[in-house]
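*Asks:* I'd like to ask some things about the structure below.
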Amino acid sequence: MTKMIYPGQTIGIIGGGQLGRMMAVAAKEAGFKIAVLEPSMDSPCGQVADIRIVAQYNDATALEELAEVSDVITYEFENIDYEGLKRLTEIAYVPQGAELVRITQNRVTEKAAIVEAGCPVAPYVVAETYEELVAKIDEIGFPCVVKTARGGYDGKGQQLLKIKEDLPLAEALFAHSVCIAEGFVPFTKEISVIVQRNGNGETFCLPVGENIHVHHILHETIVPARIAEQTAAQAEQEAAKIADHLELVGTLAVEMFVLEDGGIVINELAPRPHNSGHYSIEACNISQFTQHIRAVCGWPLRKPKLWSPSIMVNVLGQHVVPLTNSISKYPDWSVHLYGKAEAKVNRKMGHVTIMTDDLNTTLKQIKDSGIWPE
Ligand code: AMP
């Protein structure tokens, strides 16, 4: 049942990271109150929340407390305990449900759902053991990528196998979980579509972003993606198909590969606002965070519109000092820092969004700034 949540009521967020913080900031603009469940005291979201519950994400008492103080509950990351979330759906209003988290927590169920939605994925096999992988790998051939079904992110928990002799490199992955092996996709670009849907089935996609990774971590998102119009249209259609199939409420980020011929292969899903959608805060008439809040609060969604081509660059621990020293040089850069105390190497500390009429000149400006050495 879709319910409308009004300003003055409280939105509970599981997870206190930057995604929760940006959701909270968007919600506070409309006058909502925020409660956050997060084990650390001084979290990015905790800093802007009205109520902080400091406990583990799967702590039953803490979840009950969150249910007590919240009129609606959402989450900012997918690796929450499924059973805990499911119990929460019984005692609180969780319009996103728990099913989406169950499906996207595991590459096996995630891939099956994408296929059931009628969307293209790379050929793949599921292997419970290394021996099963060895027995099945010829169905996929080489090169291929072996990924743990659970717990991988930013390139962790995966192994590229170029030739048959590389197989033993994948053996260690099975210590973590069941694995899938999928054909290596000779992509020309990586793109993502943020699709958002409310309980009434209203569905909108943000403009397609082109993602550039460095050492498996998102470095830049360029919008609009530099791909053919037809490819962009197909990308949005595929994302909407998945959203409908999953009866999405809230936000789903769909990561995709673009092939030489303009075709698309779906890589993976994230059931939450996504790093590659941060540009929407400045560059669109609605940010992914505001739209997410509208979706979970049962409000009508707004059709996204891009004000200007844009580039979003991530600020990792090693980039913070050079960036803050350069603020006076770049009045057009929107600087976002998430309030994390410790600037560890490769930790996501913030991002910069630049709206520009000339992507190439701005890409060069970013490079020449020296803040992000290769
Ligand atoms: P993932 O954790 O699945 O997003 O993978 C991390 C990165 O590894 C992707 O962004 C791609 O750059 C690369 N990758 C993953 N799967 C494949 C594949 N099947 N073929 C080629 N590259 C891949």
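The values are calculated or read from the model by the stated rules, or taken from the named source; none is laboratory data. All values derive from a computational prediction rather than experimental measurement. Because the Cβ atoms are built from the backbone with ideal geometry, glycine has one as well, and the counts that use them run over all protein chains shown. Heads up: the accessible areas ignore ligands, DNA and RNA and are worked out on the full protein's heavy atoms, side chains in. Shrake-Rupley method; radii C 1.70, N 1.55, O 1.52, S 1.80 Å.
*Asks:* What number of residues within the range 232-269 are open to solvent by 10 Å² or more (accessible area, probe 1.4 Å), more than 14 Å from residue 196 (Cβ to Cβ) and either part of a helix (DSSP H, G or I) or free of Cβ contacts under 8 Å to residues at least 40 places away in the same chain (or both)?
*Replies:* 9
*Asks:* Might you check whether a residue that is under 24 Å from residue 248 (Cα atoms), at pLDDT below 95 and crowded, with 16+ Cβ neighbours inside 10 Å occurs anywhere in the range 30-38?
*Replies:* No, the range 30-38 contains no residue that is under 24 Å from residue 248 (Cα atoms), at pLDDT below 95 and crowded, with 16+ Cβ neighbours inside 10 Å.
*Asks:* A further question follows. Test of understanding: among 308, 369, 287, 334, which residue is farther than 24 Å from residue 205 by Cβ and either out of contact with any strand residue (DSSP E or B) (no Cβ under 6 Å at 6 or more places or on another chain) or of a type in the set (Gly, Ala, Ser) (or both)?
*Replies:* The unique qualifying residue is 369.
*Asks:* Do any residues in the range 103-118 that are free of Cβ contacts under 8 Å to residues at least 12 places away in the same chain have Cβ atoms under 8 Å from those of residues that are more than 15 Å from the ligand (Cβ to nearest atom), where the two are at least six apart or on different chains, and which pairs are they?
*Replies:* Cβ pairs passing all conditions: 109/102; 109/103.
*Asks:* Here is a follow-up. From the list 142, 174, exactly one residue is open to solvent by 60 Å² or more (accessible area, probe 1.4 Å), of a type in the set (Phe, Trp, Tyr) and outside the structural domain of residue 234 (by TED's automatic domain parsing). Which is it?
*Replies:* Being open to solvent by 60 Å² or more (accessible area, probe 1.4 Å), of a type in the set (Phe, Trp, Tyr) and outside the structural domain of residue 234 (by TED's automatic domain parsing) holds for just one of 142, 174, which is 142.
*Asks:* Then there is this: Looking only at the range 168-223, count how many residues are part of a loop (DSSP other than H, G, I, E, B), within 24 Å of residue 358 (Cα to Cα) and either in contact (Cβ under 8 Å) with a residue 60 or more places away in the chain or touching a Leu at 6+ places or on another chain (Cβ under 6 Å) (or both).
*Replies:* Counting residues in the range 168-223 that are part of a loop (DSSP other than H, G, I, E, B), within 24 Å of residue 358 (Cα to Cα) and either in contact (Cβ under 8 Å) with a residue 60 or more places away in the chain or touching a Leu at 6+ places or on another chain (Cβ under 6 Å) (or both) gives 3.
*Asks:* Here's another thing I want to ask about it. Quick check on the range 115-136: of everything there that is open to solvent by less than 40 Å² (accessible area, probe 1.4 Å) and within 14 Å of the ligand (Cβ to nearest atom), which residue is nearest to residue 176 (Cα to Cα)?
*Replies:* 125
*Asks:* Is it true that some residue in the range 148-165 is open to solvent by 10 Å² or more (accessible area, probe 1.4 Å), touching a residue at least 40 places away in the same chain (Cβ under 8 Å), acidic (Asp, Glu) and away from the ligand (no atom under 15 Å from the Cβ)?
*Replies:* No, the range 148-165 contains no residue that is open to solvent by 10 Å² or more (accessible area, probe 1.4 Å), touching a residue at least 40 places away in the same chain (Cβ under 8 Å), acidic (Asp, Glu) and away from the ligand (no atom under 15 Å from the Cβ).
*Asks:* Quick check on the range 90-105. Is at least one of its residues within 14 Å of the ligand (Cβ to nearest atom) and either surrounded by 14 or more Cβ atoms within 10 Å (Cβ to Cβ) or not charged (D, E, K, R) (or both)?
*Replies:* Within the range 90-105, one or more residues are within 14 Å of the ligand (Cβ to nearest atom) and either surrounded by 14 or more Cβ atoms within 10 Å (Cβ to Cβ) or not charged (D, E, K, R) (or both).
*Asks:* Same structure again: Can you tell me which condition residue 197 does not meet? The list is (1) within 15 Å of the ligand (Cβ to nearest atom); (2) in the same structural domain as residue 226 (by TED's automatic domain parsing), and all the others hold.
*Replies:* Residue 197 satisfies all of (1) within 15 Å of the ligand (Cβ to nearest atom); (2) in the same structural domain as residue 226 (by TED's automatic domain parsing) except (1).
*Asks:* Going by the structure shown, is residue 183 within 11 Å of the ligand (Cβ to nearest atom) and in contact with a Gly (Cβ under 9 Å, 6 or more places away or on another chain)?
*Replies:* yes
*Asks:* Just to check your reading of the model, which residue among 59, 81, 42, 50 is buried (at least 18 other Cβ atoms within 10 Å of the Cβ) and not aromatic (Phe, Trp, Tyr)?
*Replies:* After applying the criteria, what remains is 81.
*Asks:* Which residue out of 54, 25 is among the β-branched types (Val, Ile, Thr), assigned by TED's automatic domain parsing to the domain that holds residue 78, over 24 Å from residue 87 (Cβ atoms) and in contact (Cβ under 8 Å) with a residue 12 or more places away in the chain?
*Replies:* Result of the check over 54, 25: 25.
*Asks:* Quick one: in the range 212-221, which of the residues that are closer than 19 Å to residue 265 by Cα and surrounded by fewer than 22 Cβ atoms within 10 Å (Cβ to Cβ) is farthest from the ligand (Cβ to nearest atom)?
*Replies:* Per the criteria, the residue is 212.
*Asks:* Could you list, in sequence order, all residues of the range 105-155 that are on the phi > 0 side of the Ramachandran plot and modelled with pLDDT under 95?
*Replies:* 151, 154, 155
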